[in-house]
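S.K.: First the structure, then my questions, so here it is.
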Amino acid sequence: MSRLLQVTNLSHSFGGVTAVKQVSFDLEDGQILAMIGPNGAGKSTCFNLINGQLHPDEGNIKIDGQEVVGLKPRHIWQLGVGRTFQVTATFASMTVLENIQVALASFRKKARSPWRKLRNLFRQEAMELLHLVGIPDYANLVCGVLSYGDLKRVELAVALTNQPRLLLMDEPTAGMEPAERQRLMDLTSRIVRTRNIGALFIEHDMDVVFTHADRIVVLNRGEKIAEGTPDQVRQNDNVRAVYLGFDDASS
């Protein structure tokens, strides 16, 4: 495996408030890395820095060896970075298939064509992605009638339209029932392993984190306080005190 994502001494402040301070970590091809921490720990800020929505005050971000600090989100997306969001971002009045087609057209720089021409573009590729995420029978349904769990699958398919090397997932199971969470993450894990994608995800469900992550980065008040395998993080005294709700007296 090779280092796909390298984050080095990343810092960012909002006014006088430091959201991320000197955070560093790596992610390899085919690896799943979870980022956890209490609310306000700096997780979403890290994501937005990696994705180009924010610019760091200092630090470096390299994707496949290329420095991406200063690039806009659309340029980072073109480099092969897919992203899902905590709140699903599909077009509710469009069909599932059309949502995938629009994303494919954007990646292939066909998005300025009239919709009547887009409707027949990339249909086969779009259907292949729907088969991949397990909802080919929903192709002609409008997204507005789907369950939240199925919308998460549509969003995952959209995130895969640029054939990503790196997949960023911001709370992928938020708002889902426990069984749905595990099914979605089982699916995501299979895709990541099969396609040798590096995946970084923020998650508050510790069952999901400890079941699916190869490694875990823990943030608190903008600083990294731990990093390692699930077992190493679970046994880390700082993590137990700050996030997992344990202390020496209860262990």
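S.K.: Search region 159-187 for residues being within 12 Å of the chain's Cα centre (by Cα) and under 18 Å from residue 99 (Cβ atoms), and hand back the single one that is modelled with the lowest pLDDT.
M.R.: My answer is 172.
S.K.: Residue 148: modelled with pLDDT under 95, of a type outside the set (Asp, Glu) and under 30 Å from residue 124 (Cα atoms), yes or no? Break it down stepwise before answering.
M.R.: Working: modelled with pLDDT under 95: yes; of a type outside the set (Asp, Glu): yes; under 30 Å from residue 124 (Cα atoms): yes.
Taking the combined requirement at face value, the residue satisfies it.
S.K.: I've got another one for you. Say whether the condition of being under 14 Å from the mean Cα position of the chain (by Cα), modelled with pLDDT of 90 or more and of a type in the set (Val, Ile, Thr) is met by at least one residue in region 83-94.
M.R.: Scanning region 83-94 turns up no residue that is under 14 Å from the mean Cα position of the chain (by Cα), modelled with pLDDT of 90 or more and of a type in the set (Val, Ile, Thr).
S.K.: Looking at region 230-243, can you tell me whether even one residue there is within 27 Å of residue 88 (Cβ to Cβ) and either hydrophobic (A, V, I, L, M, F, W, C) or in the same structural domain as residue 20 (by TED's automatic domain parsing) (or both)? Even if it seems obvious, please write down each step before you answer.
M.R.: So in region 230-243, the residues within 27 Å of residue 88 (Cβ to Cβ) come out as 243.
The next check asks that each one be either hydrophobic (A, V, I, L, M, F, W, C) or in the same structural domain as residue 20 (by TED's automatic domain parsing) (or both); those that pass are 243.
Within region 230-243, one or more residues are within 27 Å of residue 88 (Cβ to Cβ) and either hydrophobic (A, V, I, L, M, F, W, C) or in the same structural domain as residue 20 (by TED's automatic domain parsing) (or both).
S.K.: Tell me, which strands (runs of 3 or more DSSP E) lie completely within region 1-46 with 1 or more residues that are of a type in the set (Lys, Arg) and surrounded by fewer than 19 Cβ atoms within 10 Å (Cβ to Cβ)? I'd like the intermediate steps shown before the answer.
M.R.: Numbers: elements: 3-14, 17-28, 32-36.
It comes to 3-14.
The values are calculated or read from the model by the stated rules, or taken from the named source; none is laboratory data. Here the structure is a predicted model, which is why all the values come from computation and not from measurement. Positions of Cβ are generated from backbone atoms using ideal geometry, with glycine treated the same way; all protein chains shown enter the neighbour counts.
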